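J.: Okay, handing you the structure first.
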Amino acid sequence: MANSLLNITLQACAATPRYEFPEITLHGGRFIHVLGPNGAGKSTLLLLLAGLLEPKRVRLCHSYLHCKAEAGNKDMTENSIKGMRENVLTPNNNSWHRHRGYFCTQYDPSFALKVADVLQFFVLEPSANKNSVILAPEIERVFAIRQYWDRPITELSTGQQNRVHLARVCQQIYPALQQGRGILLLDEAFSGLDIYYQQQLMSLLQRWVALGNIIVHAHHELHSLAKYPDDEALVIADGKLVHRGRIASLDWSNIYQTIFQVDTI
Amino acid sequence: MPQTNYKMPQVCLLLIFVSLALLNLLHPLWFYDQAIAWQIFWHLQVPQVVTALIVGSALSASAAVLQVLLRNPLADPGMIGISSGASLMAALLLLSPLAQWNYITYLLPLACFTGALASTWLMFYLARKLAFTPAAVILAGIALSTISSAVVAWLYLYASPNQLRDLTFWLMGSLQYTDLWLLGIAGCILLPCVRVLSVLIPKLNRLYLGPQQASLLGIDVRKTTQTSLFVCAVMVGLSVAIAGAIAFIGLLVPHVVRKLTGHDNRTVIPISALVGGIFLLCIVTFNTFSGSIALPVSLLTATIGGPFFIYILFHRQPHLSGVRQ
């Protein structure tokens, strides 16, 4: 695991009376799976983390971002970093949106934007014209969207549209992801994707986790959890966090029975 | 070379605009004695050409902005009730005792602006309550427009013949009721709007996928929306104040420009403004050379815009019609 001290703390969150989460601190270099039945509050938790719903406050251990740049290769202890001031960040804070990417599967297609437009308008530094939009090679390779470049996104299938939006979200914070300073919040990122793209995406995300980034993925892929024993799981039911821990250490037979109402998967 | 191609449409449009403007400005010099020609030039042609430029540009640019804000490619200041609100306030002012005041001409822009701002706010409030679905925005606008028109129709019952003539001007639109002083004031109001719009345009690109996605990129959506709506209300109010309610130009122009140039608002909004000016200049040219009486502007724009609107409805993207094909 990367020596990452990037943290997000979400404090005393209550989106509505129905959803109430305790203080949750997510550490850098972790892949966090958010699991739970339909309506449990997975998407709400992601919206809170993204700052799109108003929690009491979201904290990013901002000091690390500066310290790493200033310290260069010099080793810094965790305690010395913790002693530094933590900033409370709002959704519109420049520091925050350059580090946080959020993907969900619901986008409003009011205008028939071309794929090139979607990427040009929604990366952080808009370019002068659509021909100069450059995707990072690894993002281009994993999502393979260049072939749709001049097609209206509304004409693509659901899976193809999701690949475009995933590429967009990843590209938005790519500089941060490269430096292990990114927080990627994914709400059912595998929805509509072929198994090939699911595998490609998962290996890309694992690479970014190894660099020290935080990946939070809300999904229903319970059958695939066994492949990632060292990842972290947050199990949510009825708007409450009911289980948290390493996937390998949780009592899954109990979780299947009590939370998902099945004996096994 | 790509940069050259990128600028080509603007250069061609500018040439068309300059040609039409010169044709309208200079034609009296060919047909009349010099003294009369200069009178026509200064008191008729220059105000008409400048009015066409201001009104066409303001209506088209504000429609292009409103379409993005309301996430509806069919939004038009006339159709969604903004022009109607401005016309209603103008009608109320014209039927009030203040109409006898010598400087009523200069009070009208303020009344139109107030009406435009109030109806913009009301329409936006209704649209937000109705979750910004394209149909809901149009329906809310039609409801507002209908209410405004109904109030104006009631006012007809109480209007004198002179007031009736003025009211008809506000409802049908005309480019011939301005003078250089009024246009000077309009220009002074319009310039700050252009400045604010130039700052807002890059942010508008990020509103295409809705306020949530814009917010994720650090855009203050509330502030951007409020500022944009305010600027649109000023520009539409200004247009109604100097030329009455002109229908459909805001629907026609940005729609065609988006079809031809794509969706980048850095291109769409300036070109829409230019094309809007050219479109109204074409109407001025038609009126100048048709030899008949000067036709009301809305008569011509609605004659072209109505069938075009039906064309758009039948050729919309499948996803916009609510049925995937």
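J.: What does the charge dipole of the protein assembly as shown about its Cα centre add up to, to the nearest 20 debye, if the Cβ of each Lys and Arg holds +1 and the Cβ of each Asp and Glu holds -1?
T.: Working: 40 positive and 30 negative charges, 90 e Å.
Its charge dipole is roughly 440 debye.
J.: Sticking with this one: Tell me the accessible surface of A:CYS104 in square angstrom (1.4 angstrom probe, heavy atoms of protein chains only), to the nearest ten.
T.: 10 Å²
J.: Summing -39500 (n - 2.57) over the DSSP H runs of n ≥ 4 in the protein assembly as shown and dividing by its residue number, what mean residue ellipticity at 222 nm do you reach, to the nearest 500 deg cm²/dmol?
T.: Working: 23 runs with 332 residues, N = 590.
Mean residue ellipticity at 222 nm (helix-derived): -18500 deg cm²/dmol.
J.: Measuring from label point to label point, each 7 Å out along Cα→Cβ, what is the B:VAL18 to B:THR146 span in nm?
T.: Output for this residue pair reads 4.9 nm.
J.: For a bin width of 10 Å, list the pair-distance distribution of region A:147-252 built from all Cα-Cα distances, rounded to whole %.
T.: For region A:147-252, the binned pair fractions read 13, 40, 34, 11, 2 percent.
J.: Moving to a separate point now. At 37 °C and 0.692 mPa s, grab the translational diffusion coefficient of region B:163-237 from Stokes-Einstein with a Kirkwood Rh over Cα pairs, rounded to a whole number in µm² per second. Spell out each step's value before the answer.
T.: Numbers: Rh = 14.8 Å.
Value of D from the Cα-based Kirkwood radius: 221 µm²/s.
J.: Could you tell me what a quarter of the Cα convex hull surface of region B:1-97 works out to, in nm² with one decimal place? Kindly include the intermediate steps, with their values, before the conclusion.
T.: Numbers: hull surface 42.5 nm².
Directional mean of the projected Cα hull area for region B:1-97 stands at 10.6 nm².
J.: Ok, one more. Give me the residues in region B:201-238 whose solvent-accessible area, probe 1.4 Å, is reduced by at least 40 Å² once all protein chains are included instead of the chain isolated.
T.: B:ARG206, B:TYR208, B:LEU209, B:GLN212, B:GLN213, B:SER215, B:LEU216, B:LEU217, B:GLY218
J.: Further question: Using the scaling law 2.2 N^0.38 Å as the reference, what is the normalised Cα Rg of region B:76-213? Intermediate results must be reported in sequence, preceding the final value.
T.: Values: Rg = 17.2 Å, N = 138, 2.2 N^0.38 = 14.3 Å.
So the Cα radius of gyration is 1.20 times the expected 2.2 N^0.38 Å.
J.: Next question, about the same structure. Once Lys and Arg get +1 and Asp and Glu get -1 on their Cβ, which of B:ALA37, B:PRO211, A:THR9 lies farthest toward the positive end of the dipole of the protein assembly as shown?
T.: The Cα lying farthest towards the positive end belongs to A:THR9.
J.: A further question follows. About the Cα centre of chain B, how large is the charge dipole given +1 on each Lys and Arg Cβ and -1 on each Asp and Glu Cβ? Please answer in debye to the nearest 20.
T.: Working: 15 positive and 6 negative charges, 237 e Å.
In total the dipole reaches around 1140 debye.
J.: Now a separate question. Along the charge dipole of region A:126-265, which of A:LEU241, A:ILE173, A:THR264 sits closest to the positive end, that is, farthest toward it, with unit charges on the beta carbon of Lys, Arg, Asp and Glu (+1, +1, -1, -1)?
T.: After comparing all options, I get A:ILE173.
J.: Any idea how far the Cα center of region B:62-105 sits from the one of region B:148-205, in Å?
T.: Measuring centre to centre over Cα atoms gives 6 Å.
J.: Whenever you get a sec, line up A:LYS240, A:LYS114 from highest to lowest accessible area (probe 1.4 Å, protein heavy atoms). Before the final figure, lay out each step's value.
T.: Details: A:LYS240 95, A:LYS114 70 Å².
From most accessible down to least: A:LYS240, A:LYS114.
J.: Which values of log₁₀ I(q)/I(0), to two decimal places, follow from the Debye formula for region A:221-265 at q = 0.32 Å⁻¹ with a uniform point scatterer at every Cα?
T.: Log10 I(q)/I(0), no solvent term: -1.33.
J.: Moving on to the next point. For region B:205-284, what does the alpha-carbon gyration tensor say about shape, rounded, prolate or oblate, given a ≥ b ≥ c as the root eigenvalues, a/c under 1.5 as rounded, and a/b over b/c as prolate? Intermediate values should be presented prior to the final figure.
T.: Values: a/c = 3.14, a/b = 1.54, b/c = 2.04.
Here region B:205-284 falls in the oblate category.
J.: Continuing with this model, one more query. Report the per residue volume, in Å³, of the convex hull enclosing the C-alpha atoms of region B:77-129.
T.: Numbers: hull volume 3.0 nm³, N = 53.
Cα convex hull per residue, to the nearest whole number: 57 Å³.
J.: Now for a separate question. Between A:CYS104, B:LEU280, A:LEU26, whose Cα lies farthest towards the positive end of the dipole of the protein assembly as shown when Lys and Arg beta carbons carry +1 and Asp and Glu beta carbons carry -1, centred on the Cα centre?
T.: It is A:LEU26, whose Cα lies furthest towards the positive end.
J.: Share of antiparallel DSSP beta bridges in the protein assembly as shown, in percent to the nearest 5?
T.: Numbers: 21 of 39 bridges.
Here the share of antiparallel DSSP bridges comes out near 55 percent.
J.: Give, in nm to one decimal, the length gained when the segment between B:LEU260 and B:TYR32 is fully stretched (0.36 nm per residue of separation minus the Cα-Cα distance).
T.: Values: separation 228, 0.36 × 228 = 82.08 nm, distance 4.07 nm.
Computed gain between B:LEU260 and B:TYR32 is 78.0 nm.
J.: Can I ask one more? Just how large is the dipole of region B:175-322 about the Cα centre, in debye to the nearest 20, putting +1 at every Lys and Arg Cβ and -1 at every Asp and Glu Cβ? List each step's numbers first, then the result.
T.: Details: 9 positive and 3 negative charges, 96 e Å.
With only Lys, Arg, Asp and Glu charged at Cβ, the dipole is about 460 debye.
J.: To one decimal place, what Kirkwood hydrodynamic radius in Å is obtained for the protein assembly as shown from all pairs of distinct Cα atoms?
T.: Values: mean 1/r = 0.0372 Å⁻¹.
Evaluated on the protein assembly as shown, it is 26.9 Å.
J.: Follow-up question, since we're still on this one. Could you tally up the Lys pairs in the protein assembly as shown with alpha carbons closer than 27 Å? Skip any pair fewer than 8 positions apart unless they're on separate chains.
T.: Pairs that pass both the separation and distance tests number 24.
J.: For chain B, what is Rg from Cα atoms divided by 2.2 N^0.38 Å, rounded to two decimals? All intermediate terms of the calculation are to be shown ahead of the outcome.
T.: Numbers: Rg = 19.7 Å, N = 325, 2.2 N^0.38 = 19.8 Å.
Rg over 2.2 N^0.38 Å, computed on Cα atoms: 1.00.
J.: Calculate, axis by axis, the spread of Cα positions in region B:128-271 along the three principal axes, and write the results as whole Å, longest axis first.
T.: 56, 38, 30
J.: Sequence-distant or interchain residues sharing an amide H contact under 5 Å with A:ARG100, placed H: which?
T.: Those qualifying (amide H under 5 Å, at least 5 residues apart or on another chain) are A:ILE183.
J.: Return the ratio Rg/(2.2 N^0.38 Å) for region A:127-201, where Rg is computed over Cα atoms only. Mind dumping the intermediate values first?
T.: Working: Rg = 12.6 Å, N = 75, 2.2 N^0.38 = 11.3 Å.
Scaled against compact globular proteins, the figure is 1.11.
The values are calculated or read from the model by the stated rules, or taken from the named source; none is laboratory data. All figures in this text were calculated on a predicted structure; none of them were measured in a lab. Quick reminder, even Gly has a Cβ in these numbers, built from the backbone with ideal geometry, and neighbours come from all protein chains shown. To get the accessible areas, we keep the full protein, side chains included, count just its heavy atoms, and leave off ligands, DNA and RNA. Shrake-Rupley method; radii C 1.70, N 1.55, O 1.52, S 1.80 Å.
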